[in-house]
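J.: One structure coming up, written as structure tokens, with questions to follow.
The values are calculated or read from the model by the stated rules, or taken from the named source; none is laboratory data. Note that this is a predicted model, so its numbers are computed, not measured. Positions of Cβ are backbone-derived with ideal geometry, glycine not excepted, and every protein chain shown enters the neighbour counts.
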């Protein structure tokens, strides 16, 4: 599977990103490429579970120059621990290896790519959220999946919405 060339807009930085307990965060200026890749992860997870996956762009209690993403599994659970390794790998892989990591995930999880992906997205009111959401949604669109962008909410309302709507 080859992603459209738009993923080269979101070039990786020379920094290592970690996914820690449903939350990946870093300086917002270093996350554009990561958000694109987390869009990929959300779609793959959706196709794997055959259900809607939620994503919240926020770094609620961190300085405004930080941001991050929380991935929410169906039923409002945090991202399955077994998928955290995929989040870390996608966040840190070189651009030239994104397709091979995607194929590894697809094969390892026996994902039917004919299943339509579905992703809900919300974001807090940080200035960086719009740019980061654009990167995330470009990946969702590139993988021909449905999405609902709920726009900006405060952190508590966004999490409530994602946990209880999906």
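J.: Would you check if there is a residue in region 99-106 being crowded, with 16+ Cβ neighbours inside 10 Å, closer than 16 Å to residue 26 by Cα, in contact (Cβ under 8 Å) with a residue 40 or more places away in the chain and out of contact with any helix residue (DSSP H, G or I) (no Cβ under 6 Å at 6 or more places or on another chain)?
T.: The answer is no; no qualifying residue exists.
J.: Checking the conditions here, which among 43, 115, 20, 93 is in contact with a strand residue (DSSP E or B) (Cβ under 7 Å, 6 or more places away or on another chain) and either at pLDDT below 90 or on the phi < 0 side of the Ramachandran plot (or both)? So that I can check it myself, show each step before the final result.
T.: Values: 115 fails: in contact with a strand residue (DSSP E or B) (Cβ under 7 Å, 6 or more places away or on another chain); 20 fails: in contact with a strand residue (DSSP E or B) (Cβ under 7 Å, 6 or more places away or on another chain); 93 fails: in contact with a strand residue (DSSP E or B) (Cβ under 7 Å, 6 or more places away or on another chain).
Matching residue, one of 43, 115, 20, 93: 43.
J.: Something else: Sort out which residues of region 116-131 are within 16 Å of residue 39 (Cα to Cα) and surrounded by 14 or more Cβ atoms within 10 Å (Cβ to Cβ), and write them in order of number.
T.: Those that are within 16 Å of residue 39 (Cα to Cα) and surrounded by 14 or more Cβ atoms within 10 Å (Cβ to Cβ): 117, 118, 119, 120, 121, 122, 123, 129, 131.
J.: Still on this structure, please answer the following. Of everything in region 132-149, what is crowded, with 17+ Cβ neighbours inside 10 Å and in contact with a helix residue (DSSP H, G or I) (Cβ under 7 Å, 6 or more places away or on another chain)? Give them in sequence order.
T.: Within region 132-149, 132, 135, 136, 137, 138, 139, 140, 142, 143, 145, 147 meet the criteria.
J.: Continuing with this model, one more query. Collect the residues in region 65-82 that are under 19 Å from residue 33 (Cα atoms) and surrounded by fewer than 19 Cβ atoms within 10 Å (Cβ to Cβ), keeping them in residue-number order.
T.: 65, the sole residue that qualifies.
J.: Say whether the condition of being touching a helix residue (DSSP H, G or I) at 6+ places or on another chain (Cβ under 6 Å), surrounded by fewer than 19 Cβ atoms within 10 Å (Cβ to Cβ) and at pLDDT below 90 is met by at least one residue in region 51-60.
T.: Within region 51-60, the subset touching a helix residue (DSSP H, G or I) at 6+ places or on another chain (Cβ under 6 Å) is 51, 53-58, 60.
Restricting the remaining residues to those that are surrounded by fewer than 19 Cβ atoms within 10 Å (Cβ to Cβ) gives 51, 60.
If we keep only those that are at pLDDT below 90 as well, we get 60.
Yes, the conditions are met somewhere in region 51-60.
J.: Is it the case that region 136-145 has a residue that's at pLDDT 95 or above, under 19 Å from residue 27 (Cα atoms) and not in a loop (DSSP other than H, G, I, E, B)?
T.: Yes: region 136-145 contains one or more residues that are at pLDDT 95 or above, under 19 Å from residue 27 (Cα atoms) and not in a loop (DSSP other than H, G, I, E, B).
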